[in-house]
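See structure below.
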Amino acid sequence: MSELTLLILQLAFLALLWVFIFIIVYAMRSDLFGQRVRKLRSDATPAAAGATGAAGPGSAAAGAAAAPGGAQRPTAAAAPSTPATPAPPAPKVPTFVPAPGTELSGPPRATTANAGRLVITSGPKNNSEIPLGTEPLTIGRSSDSSVVIRDDYTSTHHARLMVWGEEWVIQDLDSTNGTFLDGQRVTSPVHVPLNTPIRIGATSFELRR
Amino acid sequence: MSAAPTAPVSSSPAPTPGKGIRRIRVPQKLRNLELFLLLFVCATNAFAVVIVQFGALGYADLTVVTLGAGLAVLVFAMHIALRLVATNADPFILPIASLLNGIGIAVIYRIDIAEKLTGWESTALRQVVWTSVAVALAIVVIVVIRNHRVLQRYTYVAGLAAGVLLLLPMLPVLGQEINGARVWIHVGAFSFQPGEVAKIALAVFFAGYLVSRRDSLSMVGRRMLGLRFPRGRDLGPILVLWALSMAIIIFQRDLGTALLYFGLFVVMIYVATGRASWVVLGVGLFLAGGVIAGQVLVYVNDRFTNWLDAFNPDIYDAQGGSYQLVQGLFGLANGGLIGTGLGEGRPDITPLAQSDYIIASLGEELGLAGLFAIFGLYLLFISRGLRISFAGQDDFGRLLGVGLSFTLALQCFIVIGGVTRVIPLTGLTTPFLAAGGSSLVANWIIVALLLRLSDTVRNQPRLVI
């Protein structure tokens, strides 16, 4: 073996080691730099809200009440880089926490027994579904969420679907733009009825049998 | 964890008939990435052995490569086990551990060639056998422990086991004293360092104990100098651990292990309570203990002298002096930026070049560039471990993950810092690299536990919108 060959082999080996390291660093880049955000086109939001109205029974109200910034100031949707602007009318919406037994008519509450899947009813992944187990589901932009929604309106840790004594409950995790159950902003953990739209950003979903 | 989550989860194209609703199916993307990395690693390891042979022997001897292929089969068996029982486990941990282990075997083999050891005399062969035992044990752990919370039930059993393992070397017949440290047990032809396995048992014990006790350890206390210090009666655990590590220093004459256990406890109590005063207390206690030990115990004092005044000719020539440390530094200096080339340096001049001083051997033959690559691998491994614990769902799992990855980090710091003369030299093994069966077994079990933890964490989003 000539010295030159040995030197080349040595350099090749060192290069291999470093290539390995950079492959790993590249593969885990999303852990280092966070999720990439998908920019919504300025006209995408009203379209999505319209789709919500078509998809669920009570969600025409959701479209109106849930996108207050979009309804009153059309420029807000055109400038998605400022989603932190607080939605003014939202706090005036009365808190919707149905006490047990006060629901007269309306869909029954979703329990682990009667709700089997989560169906996306509007948004980019319209008509997708995931099976529901009994474990909680986190929703947000971060990659460690169970359901990752990557748009400008979703917070890193946005909301959580969890089971309280067999019944599904949605909790808003202090998100900037809010979580809306049947058009009402969720301020404290609320029971989720079956077939009722929950809206986060431009995405709506329902719990179904 | 989320290996390449930027690509959206591909939904199966065939819609459910009638409903127009697609079911989301997640392919085993993480495992495929792992398979790719493992193939890369196996090629690199074989390449390392071949370079060693070209450099040291001048020809390639393919029987050794065949031996390595046997190991590769075991690693792929672990990969298949992960596909079956831990689909969402971290894809980087197994390849990194295999690469470090393979480089270690290549360097040990290189030193065997220099010392003309062959057959069962050869350290490399024993290292290969131990690696296969360790990987097999890791597969058993990952298959048997399906949920890490089971370990929490055995909190106190783990504590007891750790105590027994630590006491084993002190037994008259079983225990064995090598190079002054009494940390070995001898059964038949094998010697084993039970302290290495004890660190896993201790991590389990600390995690279980701190999860149940951390409220009393963190809520109350007196405020002093901007830090909230714990009550006197809550100091019990840390004092017990301090006494234990001092006992290890005095009776087993092993500084490194004592520092490792105490550091592990201090970090875990800090993570569990979130209070810096524990770190202040712990570091203070250990420094005080170390200074007193340096005054009283001759061997500790020698370590300090060797460290501070290494290049003094008297100390260099003295029995148990700084000869080994300085030879290691000369080796590192000889390596320079890109090293002498595998098989072309003289790392065998340094005593224990294949175990305690394997970092010096690596530094001589791979140079600064290679050594930094090794450090980078450790860094990635430990960062994955901490990331797994950060994303964990239950407190026990989080604490256990922090403990396990931190033991590795601390062990690397203690041994590499010792060899490079940053801190006084203490005998510990370099994880995955150094020759030594007990260390390999312990570290591969840590690999299995971290993989199990990372699978339990819901790390792969079920749906990406």
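The values are calculated or read from the model by the stated rules, or taken from the named source; none is laboratory data. Since the model is a prediction, treat every value here as computed from it, not as a measurement. Methodologically, a virtual Cβ is constructed for each residue, glycine included, from the backbone with ideal geometry; neighbour enumeration extends over all protein chains shown.
Structural remarks
- Within region B:361-395, the set of residues being among the aromatic types (Phe, Trp, Tyr) and crowded, with 21+ Cβ neighbours inside 10 Å comprises B:Tyr378, B:Phe381.
- Residues in region B:45-73 that are within 13 Å of chain A (Cβ to nearest Cβ) and under 26 Å from B:Ala86 (Cα atoms): B:Asn45 only.
- Check on B:Thr16, within 21 Å of B:Arg384 (Cβ to Cβ), at pLDDT below 90 and part of a loop (DSSP other than H, G, I, E, B): no
- Selection within region B:213-243 - modelled with pLDDT under 85 and closer than 19 Å to B:Leu165 by Cα: B:Val240, B:Leu241
- Qualifying residue in region B:288-305 (condition: surrounded by fewer than 22 Cβ atoms within 10 Å (Cβ to Cβ) and either within 14 Å of chain A (Cβ to nearest Cβ) or closer than 22 Å to B:Val211 by Cβ (or both)): no
- Complete set of residues in region A:114-128 that are in contact (Cβ under 8 Å) with a residue 24 or more places away in the chain and within 8 Å of another protein chain (Cβ to nearest Cβ): A:Val119, A:Ile120, A:Gly123, A:Pro124, A:Lys125
- Subset of region A:189-209 (residues that are touching a Ser or Thr at 6+ places or on another chain (Cβ under 7 Å) and farther than 13 Å from A:Thr138 by Cα): A:Pro197, A:Ile198, A:Arg199, A:Gly201, A:Ala202, A:Thr203, A:Ser204, A:Phe205, A:Glu206
- Checking the stated criteria, A:Arg199 turns out to be part of a strand (DSSP E or B) and in contact with a helix residue (DSSP H, G or I) (Cβ under 9 Å, 6 or more places away or on another chain).
- Screening region A:162-188 for residues that are of a type in the set (A, V, I, L, M) and either modelled with pLDDT under 85 or in a loop (DSSP other than H, G, I, E, B) (or both) and picking the one that is surrounded by the most Cβ atoms within 10 Å (Cβ to Cβ) gives A:Val186.
- Once region B:331-386 is narrowed to residues that are among the β-branched types (Val, Ile, Thr) and in a helix (DSSP H, G or I), the residue that is farthest from B:Arg421 (Cα to Cα) is B:Ile382.
- Residue-level check: of (1) on the phi > 0 side of the Ramachandran plot; (2) more than 8 Å from chain B (Cβ to nearest Cβ); (3) touching a strand residue (DSSP E or B) at 6+ places or on another chain (Cβ under 7 Å), A:Gly165 misses just (3).
- Residues (over 15 Å from the mean Cα position of the chain (by Cα) and facing chain B (nearest Cβ under 8 Å)) located in region A:132-146: A:Glu135
- Set B:Ala333, B:Ala272, B:Ala276, B:Ala318: member being modelled with pLDDT of 85 or more and surrounded by fewer than 21 Cβ atoms within 10 Å (Cβ to Cβ): B:Ala333
- Sole residue being out of contact with any Cys (no Cβ under 9 Å at 6 or more places or on another chain) and farther than 27 Å from B:Leu366 by Cα, chosen from B:Val52, B:Val133: B:Val133
- First in region A:1-30 and facing chain B (nearest Cβ under 7 Å) and under 18 Å from B:Val107 (Cβ atoms), second anywhere and surrounded by 19 or more Cβ atoms within 10 Å (Cβ to Cβ) and among the β-branched types (Val, Ile, Thr), Cβ under 6 Å, 6 or more apart: A:Leu9/B:Ile51; A:Phe13/B:Ile51; A:Leu16/B:Thr44
- Condition broken by B:Ala435, with the remaining ones in (1) modelled with pLDDT under 90; (2) within 30 Å of A:Pro136 (Cα to Cα); (3) in contact with a Gly (Cβ under 8 Å, 6 or more places away or on another chain); (4) away from every other protein chain (no Cβ under 12 Å) satisfied: (2)
- For region B:309-333, the set of residues classified as touching a Pro at 6+ places or on another chain (Cβ under 9 Å) and polar (S, T, N, Q) consists of B:Gln324, B:Gln327, listed by residue number.
- Qualifying residues in region B:238-265 (those that are among the aromatic types (Phe, Trp, Tyr) and in contact with a helix residue (DSSP H, G or I) (Cβ under 6 Å, 6 or more places away or on another chain)) - the one surrounded by the most Cβ atoms within 10 Å (Cβ to Cβ): B:Phe265
- Each residue in region B:336-360 was checked for being among the hydroxyl-bearing types (Ser, Thr, Tyr), within 22 Å of the chain's Cα centre (by Cα) and surrounded by fewer than 24 Cβ atoms within 10 Å (Cβ to Cβ), and 1 pass.
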